[in-house]
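Chemist: One structure, as structure tokens, below. Some questions next.
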Amino acid sequence: MTGSGVDMSDPDVVVVGAGGDAPALAWRLGQQGIDVLLLEAGPFHGNEQFPNPHSERGNAASASTEDLSGGLLDQQFTAREGDMGSPVDGKLRWGPADAERAPWARTVPQTGVISQVAGVGGTTLHYYGNHPRAFVPSVDQQPHWPIDYADLVPYYQHLEAVHPVKPAPTTPKAELFFEGARRSGYDLTTGLNVEDEGYRPFPNAIHQPDESLRRDGDYDGDFRDVSGDTLACHEHQGGPHPRGADFEDRAKRGSLTSLVPKALATGHVEIRPNAFATDILTRAGPGPLEACGVAYRDTWTGRTRRVFADCVVLAAGCIETPRLWLNSGLPDDGWVGKGLTTHHFDFVSGTFDSDTLEELIGQRKVEPHQGQAAGSRLDVPGKGGIAVNTFAPGITASVMFSESVDGFAFENDTTGEPWDTQGRVTGTKLKEEMSDYRRMLTLICHTDDRPRQDNGVTLDSNTEDEHGPVARLDWSPHPEDDERRDDLARRASKLLDEAGANHIHRAAAAPIFLHLQSSMALGKVLDSGGEALSVDRLFVADHSALANGVGGANPTHTGQALALRTAEHLADRYFDGVADPIPANPTPASADD
Amino acid sequence: MGYATGTHTSREGVAVSYARGTIAALVDAVVPATPGTGDGVQAAGALDIDLDETVETAFNELQEAPEGPIRSLGYETMPFAPLLALLLDVGALELILKREREAPLQAPDERFAGGPFSRLAREDRMRAIRLLEADGVVPALDERFGDAPIGIVAYLMQGALFITTMAAYSDWGDDSERPQGWEQADYPGPADGYAVHMGYEVDEFEENDYGADAEEGDAE
């Protein structure tokens, strides 16, 4: 703590991270007149204070919606796969804003791929806008949550109104999926609160497309004359569409374009990008330890500064939040960093012949690159979910055919299995698969994997960067998680078969660290209001606070809902409370429960 | 011209570094040139877009060198490309010694290095990777010394395949207006939009009742 300057700003609350969830918390606190400073390790895209975020530092911070620029977003978000999404040198990567530098280190001593993004908006910069609620039984019947599903509902409703979250439109690839689901015997789900199996359009935080973009219509414009989604399928590349629109009117409602403007508009929120937190500052309180500030390092200048506040909120994600906690020497009763869930992904693809497609969807190709990247899904509470997940060719090739825990397809016997090939595909076979890209439908399986104390984040004391010892990640599935994943892969395969696929491939994917949850869980490390059990005035408001993997539903909606709820508890406990509570009568939570 | 360090000279007289030449054998096995396949499969392969260079650069820029001995040797980033090459040769050697090779050794392509990995047939190169990440001596050490992060070898192997494949099929490996991999997939590149809206399967989701049926438990 010596030798670093004291930050001149004087926030009430300092938040580590401005990713998917923190802007929800900041917005809610800002609405109560509480001054919030967010420290974000990565860049701030589409902001006049940082016009060239990957080549120069720009100014220190942004605190006004006046700084937000749709023009800059169009310039920076090119929608090219490698330029945006290369995990090594892409604009959306886990690394410093400075493109000349390498990504930040993690130690992963196992087969796996990490897919996180540093920057304002965090991993919602490349998410698909998917906002299903948690499966009801994953909250009310699994033993992990100290609160009820009903406690989350008002916050879900709030977010569904403000993003907004709406049914995704049917597109040809979605119709192909729906038909496979119907023929497999599933019913259509129309309710938001999911307890039973069924298929449905994804509840997505993507503005619905303009009605002029009907397939059977005669639209021939340049997609700058419409509002809402243009169905360009560039969610993974940042999704800047429609081009030319105002910053806040971009169709995909990632935190950067949806929640950050709302937070800044309160006049009480400041975001400082390029600021990597390295230490949580504490002081002895009347009872337990009390958090009182954060030390952070400017990723361009290397200068370390301290900022003091009445409360500290950690929202650096499931890997960095526990790393920062452990590097700060805070107490650990055995669950800090542990209980990590990942949705134990798998991928299953089907390739169709043109006559089948013509008959089913009225066109001779699937066209995976058209329409929302993930617009249709099948829920299987207790097991997880299956969703259409489509990508441009680079990600298609890498997730479908390059990553697996089951070796190489040319060695694997699939006799008796519902898929034709399994494992990595290389050589001529890979080229053949990719030649069929436009007739291929790719599905993702999100497994309801359960929290286990062996899985999670520790410090790698042998590897230190400028922010201290780096995080080490260990995660392996329990046999029951493998069983659930197998069940989902079989359902996905059957669905594709029923839709008429003539070739089915299962990746048997290696762990992909993308959907991360529950490494600083409510009920384990945190009380039911999101405050640390062992450190007062220290809260966690990212997906690490989730008590489990929410059943395999995409986690963003629940992460943001919980962040809103945690903001209200923070305001209740340490400030003047909430003037306009969501819900009207918040469930009381104490630091002890 | 020992293969473990430095360079050797190809038949065309071009210097090929050990790391680059070994990685060339990797990318060639993942996306080979396939002249004469016809049927809409592109003939060009990874080496036609110098993917060996892309993957070598990516590995050498994978992460910054930590404070300590590596940095004091003058490296700003971890020299993972030569490490990858060395590991591939270790895997190849194990495959050869265990007699698990399924095709004869071959003279390395002129863009390859001279080590054992570069002399394996394409599928045998993948079998060598399999030994490194799952079935061979290195993963066996990982089982025995659980706390030492030997499993990083498996992570690097997965990374090598992921990076090779993603780069081969995107602008990462070919920054031209129309990358080779997009061409092969018949992907038109980024678009401003598509008029493919077909209406709604559900017009509005409803706030339905819940909690009537209930059983699940699976406590851990």
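Every number here is computed from the coordinates shown, using simple stated rules; none is lab data. Please read all numbers here as calculations on a predicted model, not as lab measurements. Note: ideal-geometry Cβ built from the backbone for every residue, glycine included; neighbour counts use all protein chains shown.
Chemist: Using a 10 angstrom Cβ neighbour count of at most 11 plus a DSSP loop assignment to flag exposed GluC sites (Glu not before Pro), which longest range of chain A is free of such sites?
Modeler: Longest gap between qualifying sites, sites excluded: A:101-593.
Chemist: Using the Cα centre of the protein assembly as shown as origin and beta-carbon charges of +1 (Lys, Arg) and -1 (Asp, Glu), tell me which of A:213, B:202, A:110 is placed farthest towards the positive end of the dipole.
Modeler: About the Cα centre, the residue reaching furthest to the positive side is A:110.
Chemist: I need the semi-axes of the equivalent ellipsoid of the range A:174-284: take the C-alpha gyration tensor, multiply each eigenvalue by 5, square-root it, list largest first in whole angstrom.
Modeler: Here the semi-axes work out to 35, 25, 12 Å.
Chemist: What is the mean projected area of the alpha carbon convex hull for chain B, to one decimal in square nanometres?
Modeler: Computing the convex hull of the Cα atoms and averaging its projections yields 21.8 nm².
Chemist: Once every Cα of the range A:446-516 carries one equal point scatterer and solvent is ignored, give the base-10 log of I(q)/I(0) from the Debye formula at q = 0.21, 0.28 Å⁻¹, two decimals.
Modeler: Values, matching the q order: -0.96, -1.26.
Chemist: Which peptide among A:542-552, B:177-187 comes first, and what is the full order, when sorted by highest mean count of other Cβ atoms within 10 Å? It would help to have the intermediate numbers written out before the result.
Modeler: Numbers: A:542-552: 30.5, B:177-187: 21.1.
For the peptides A:542-552, B:177-187, the packing ranking is A:542-552, B:177-187.
Chemist: So which lysines pass the test for residue B:98, namely a Cα distance under 26 Å, with those fewer than 8 places away in the same chain ruled out?
Modeler: Within reach: none.
Chemist: Let me ask something else about it. Taking the number of other C-beta atoms within 10 Å as the exposure measure, put A:442, A:566 in order starting with the fewest.
Modeler: A:442, A:566
Chemist: Continuing with this model, one more query. Using C-alpha positions alone, give me the convex hull volume of the range A:346-513 per residue in cubic angstrom.
Modeler: 154 Å³
Chemist: Let me ask something else. Mean Kyte-Doolittle of at least -1.0 and a Cα length of 18 Å or more along the axis: which whole DSSP H helices of chain A meet both? If you can, show how the numbers build up before the last one.
Modeler: Details: long enough: A:149-162 (20 Å, 0.03); A:479-498 (28 Å, -1.86); A:556-574 (27 Å, -0.58).
Flagged H segments are A:149-162, A:556-574.
Chemist: Still on this structure: Determine the alpha carbon to alpha carbon distance for each of A:429/A:494; A:252/A:524; A:383/A:494 and list only those over 25 Å.
Modeler: A:252/A:524
Chemist: Next question. For residue A:176, what charge total do you get from the other residues with a beta carbon under 12 Å from its beta carbon, if Lys and Arg give +1 and Asp and Glu give -1?
Modeler: Value of the local net charge: -1.
Chemist: Here is a further query. Place a label point 7 angstrom from the Cα of residue A:429 along the Cα-to-Cβ direction, then list the residues of the range A:385-418 whose backbone nitrogen is under 11 Å away.
Modeler: Residues passing the 11 Å test: A:407-414.
Chemist: Could I ask something else about it? I'd like to verify something in chain B: which complete DSSP H helices, judged by Cα projection on the helix axis, reach 15 Å or more and average at least -1.0 on the Kyte-Doolittle scale?
Modeler: Qualifying helices, which must be both long enough and hydrophobic enough, are B:18-30, B:80-97, B:152-168.
Chemist: Still on this model: Counting other beta carbons within 10 Å of each residue's own, what order do A:226, A:540, A:380 fall into, fewest first?
Modeler: So the residues, fewest neighbours to most, are A:226, A:380, A:540.
Chemist: Each label point is 7 Å from the Cα along the Cα-to-Cβ direction; what then is the distance between the points at residue B:137 and residue A:10, in nm?
Modeler: About 6.6 nm, to one decimal.
Chemist: Divide, for the protein assembly as shown, the radius of gyration over alpha carbons by 2.2 N^0.38 Å, where N is the residue count.
Modeler: After normalising by residue count via 2.2 N^0.38 Å, the value is 0.91.
Chemist: Now, a different point. Would you calculate, for chain A, the mean residue ellipticity at 222 nm contributed by helices, counting each DSSP H stretch of 4 or more residues as -39,500 (n - 2.57) and dividing by all residues, to the nearest 500?
Modeler: -7000 deg cm²/dmol
Chemist: Using a cut-off of 16 Å between alpha-carbon atoms, which lysines can reach residue A:173, once sequence neighbours fewer than 8 places away in the same chain are excluded?
Modeler: A:365
Chemist: Work out the length of the dipole vector of the range A:66-159 about its Cα centre, built from +1 on the beta-carbon of each Lys and Arg and -1 on the beta-carbon of each Asp and Glu, and round it to the nearest 20 debye.
Modeler: I would put it at about 320 debye.
Chemist: Tell me the chymotrypsin sites (Phe, Trp or Tyr not before Pro) within the range B:106-170 that lie in a loop according to DSSP and have at most 13 other beta-carbon atoms within 10 Å.
Modeler: Within the range B:106-170, the qualifying chymotrypsin sites (Phe, Trp or Tyr not before Pro) (loop, at most 13 other Cβ atoms within 10 Å) are B:145.
Chemist: Taking R0 as 30 Å, what's the FRET efficiency between residue A:482 and residue B:97 from their Cβ-Cβ distance, rounded to 0.05?
Modeler: That pair, residue A:482 with residue B:97, gives E of 0.40.
Chemist: Looking at chain A, what % of its DSSP beta bridges pair antiparallel, to the nearest 5?
Modeler: 65 percent
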